[in-house]
Amino acid sequence: MNTDFLIVGGDGDLALRKLYPSLYYLELNNCMPENTRIFGMARTGQTQEEFLGKVQKWLKENVADELYSDEKWQAFSQKMRFIQGDATNPESLENFKDSHLDQDSVLIVYLAIPPMIFGKVTTSLEVCGLAKPTTRLVVEKPLGDSRESFMAINNELARVFPEEQIFRIDHYLGKESVQNLLALRFANDIFEPLWNSKYIDHVQITVTETVGVGNRWSFYDQTGATRDMMQNHLLQVLCLMAMEPPAVMNAHSVRTEKLKVLNCLRPVTPECVQELTVRGQYQAGEVDGVTVPGYLEEESDKYEIDPNSKTETFVAIQAEVINWRWSGVPIYLRTGKRLNKRHSEIVVQFKQRNHQIFDKQEHTGHKPNQLIIQLQPDEGIRLRVMNKVAGLDAGIPLEDGFLDLSFEKNKQQKHDAYSRLLSDVIRNDQTLFVSAQEVEAAWKWIDQIFASWKAVDQKPEPYEAGSFGPQAADDMIGKVPCRSWNNDIC
Ligand code: BG6
């Protein structure tokens, strides 16, 4: 059966920056089914040559030199067609169907357009008979800005397509390192007996970025770090870290287990919000040796900068999963823009025994064991262990060291997160996609945090660009001795 991609919003930013390069990587890895065709649909008129010229230019400039070849481009570009049309209008889709589609091909429709017009496109697909059981619909965030707005968007999709045909992308789930978390937990028996509140003191999940909001101030100001990163990427990573072992590695089992985690998150109410959360907003500073403006001094794109904006560019939350395995274990989540380094990691800190056999002098610097799972930019797993300092000193002096497993070979990979996810859409495998129930549960938890912030009027704390974020985030984790953010690794 042929596979056809229809990219709606086919000459937009997402299509050019992410989708065509990812599909090109599939070609490069010989993972593109032979008769695949890629149709880019856009309202703006342009010739096939102009369209291909744009895509090629983008690829040449952005794909690593060793991954671009004219030969591969030729093979790839032959699969691509530009279609001028408006997908919200059934007539455009009808013409497209009559001129290009085979009766029995699998159609993958990627909505690379704003969610407010998703419903119009799905209705058009329905009207012209393209919402068939073999059609797959791919969408990605922003899927609303609250549970209510997500439900409104989702109801429009669900009216036309059953859940098994809707693929909701969270690109973090396409990252090799995030999938490796599943391998680490469930393909290595040594961790499972320790993976619970009896042995784990706390967990940290950090995603820091050095970039600012760039040229999308207006969008970001309506969104902020909590909606942009926490509701989706960080909560998805939290789910994979905390979920029970799925019975089998398939979409139903994995998504069911992740949903249970989201439903067990302790609600953040107005009574505890100030203790459990920190919001921040960056001010001018220096990142990688370059002086950068503060959030309120960025260049505006669409609208005037609101000098009183209270949007958070940093957020830290002390979360807890209230269940048999995790109750009592704080899970500290932290993400922000214009921070010291681009770095993502999960730190699992183990408890220390009350009784220490090394006397005070010898065990100065005795640190708890930590399992550090680095997600990006370099992937690796490090286990912090205590070692004897070599030499003739009396007793057993200790120092900490690392058992270090880096995944050097993953650096040579010829694909990105989107390629993995798009190839799973072709395979019709939803394991690495987010279910509607998960998105809803995540919004429910986040909505309450926003309501609590509003109730207590919790404002973002300023932090200097290039720092580790507001001091209040350090104070939040540092309330308990022996706990601090793992910034020394960053
Ligand atoms: C996107 C956010 O979802 O993820 C961006 O909208 C953010 O604001 C990006 O920069 C980070 O993704 P990555 O893969 O670079 O960590």
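Bear in mind these aren't lab numbers, they're just calculated from the coordinates by the rules spelled out. Predicted, not measured: the structure shown is a model, and the values here were computed from it. Please note: Cβ atoms are built from the backbone with ideal geometry, for glycine as well, and neighbour counts cover all protein chains shown.
Just how large is the dipole of region 79-123 about the Cα centre, in debye to the nearest 20, putting +1 at every Lys and Arg Cβ and -1 at every Asp and Glu Cβ? Walk me through the intermediate numbers first.
Details: 4 positive and 6 negative charges, 45 e Å.
I would put it at about 220 debye.
What does the charge add up to near Q281, with Lys and Arg as +1, Asp and Glu as -1, over the other residues with Cβ less than 10 Å from its Cβ?
Numbers: positive: R279, K310, K337, R338, K459; negative: E312, E461.
Charge balance near Q281 sits at +3.
Going by Cα centres, region 153-225 and region 1-74 are how many Å apart?
Taking the Cα centre of region 1-74 as reference, the centre of region 153-225 is 26 Å away.
Let me know the charge dipole size of the chain about its Cα centre in debye, to the nearest 20, where only the beta-carbon of Lys, Arg (+1) and Asp, Glu (-1) is charged. Numbers along the way, then the final one.
Numbers: 53 positive and 69 negative charges, 195 e Å.
Value, rounded to 20: 940 debye.
Output the antiparallel fraction of DSSP beta bridges having both residues in the chain, as a percent to the nearest 5.
Working: 42 of 76 bridges.
For the chain, the DSSP antiparallel bridge percentage is about 55.
Quick one: compute the contact order of the chain, relative version, from alpha carbon pairs under 8 angstrom and 6+ residues apart, as a percent. It would help to have the intermediate numbers written out before the result.
Numbers: 872 pairs, mean separation 90.9, N = 490.
Relative contact order comes out at 19 percent.
Show me 67-74, 268-275, 469-476 ranked by packing, highest mean number of other Cβ atoms within 10 Å first. Let's see the in-between values first.
Working: 67-74: 12.9, 268-275: 15.1, 469-476: 19.0.
Ranking the peptides 67-74, 268-275, 469-476 by packing returns 469-476, 268-275, 67-74.
Could you rank the peptides 230-241, 388-399 by their average count of other C-beta atoms within 10 Å per residue, with the highest value first?
230-241, 388-399
What FRET efficiency would be calculated for the residue pair N29, D98, taking the C-beta separation as r and a Förster radius of 51 Å, to the nearest 0.05?
Numbers: r = 33 Å, r/R0 = 0.65.
For N29 and D98, the calculated efficiency is 0.95.
If you take the charge dipole of region 175-316 about its Cα centre, with +1 on Lys and Arg Cβ and -1 on Asp and Glu Cβ, which of G289, L194, H252 is farthest toward its positive end?
It is H252.
Going by a ≥ b ≥ c, the root eigenvalues of the Cα gyration tensor, does region 110-266 fall in the rounded group (a/c under 1.5), the prolate group (a/b larger than b/c) or the oblate group?
oblate
Just how many pairs of Lys in region 271-391 have C-alpha atoms closer than 29 Å, counting pairs that are eight or more places apart or on different chains?
12
Check cross-link reach from K18 to the lysines: straight Cα distance under 16 Å, and skip same-chain residues fewer than eight apart.
Those lysines meeting the cut-off are K54, K57, K60, K141, K175, K414.
Straight-line reach from K459: which aspartates and glutamates have Cα under 20 Å away, leaving out those fewer than 8 places along the same chain?
Hits, sequence-local ones excluded: D145, D221, D228, E271, E275, E297, E298, D306, E312, D447, D474, D475.
Along the charge dipole of the chain, which of F450, C272, A87 sits closest to the positive end, that is, farthest toward it, with unit charges on the beta carbon of Lys, Arg, Asp and Glu (+1, +1, -1, -1)?
Sorting the options by dipole projection puts first C272.
Using a ≥ b ≥ c from the Cα gyration tensor of region 320-404 (square roots of the eigenvalues), is it rounded, prolate or oblate, where a/c under 1.5 gives rounded and otherwise the larger of a/b and b/c decides, a/b for prolate?
Values: a/c = 2.69, a/b = 1.51, b/c = 1.78.
Oblate shape, in that a/c is at least 1.5 and b/c is the bigger or equal ratio.
Mind giving me the FRET efficiency for V290 and D475? R0 is 41 Å, r the Cβ-Cβ distance, nearest 0.05 is fine. Don't jump to the answer; show the numbers that get you there.
Working: r = 29 Å, r/R0 = 0.70.
Step by step, r from the Cβ atoms, then E = 0.90.
Name all residues of region 15-32 having a backbone nitrogen under 14 Å from the label point set 7 Å from the Cα of Q376 along its Cα→Cβ direction, giving them as ranges.
Under 14 Å, as judged by backbone N against the label point of Q376, lie 18-19, 22 of region 15-32.
Can you work out the PRE-style zone for S197? Point 7 Å along Cα to Cβ, and I want the residues of region 258-296 with backbone N under 17 Å.
Backbone N within reach: 261-268.
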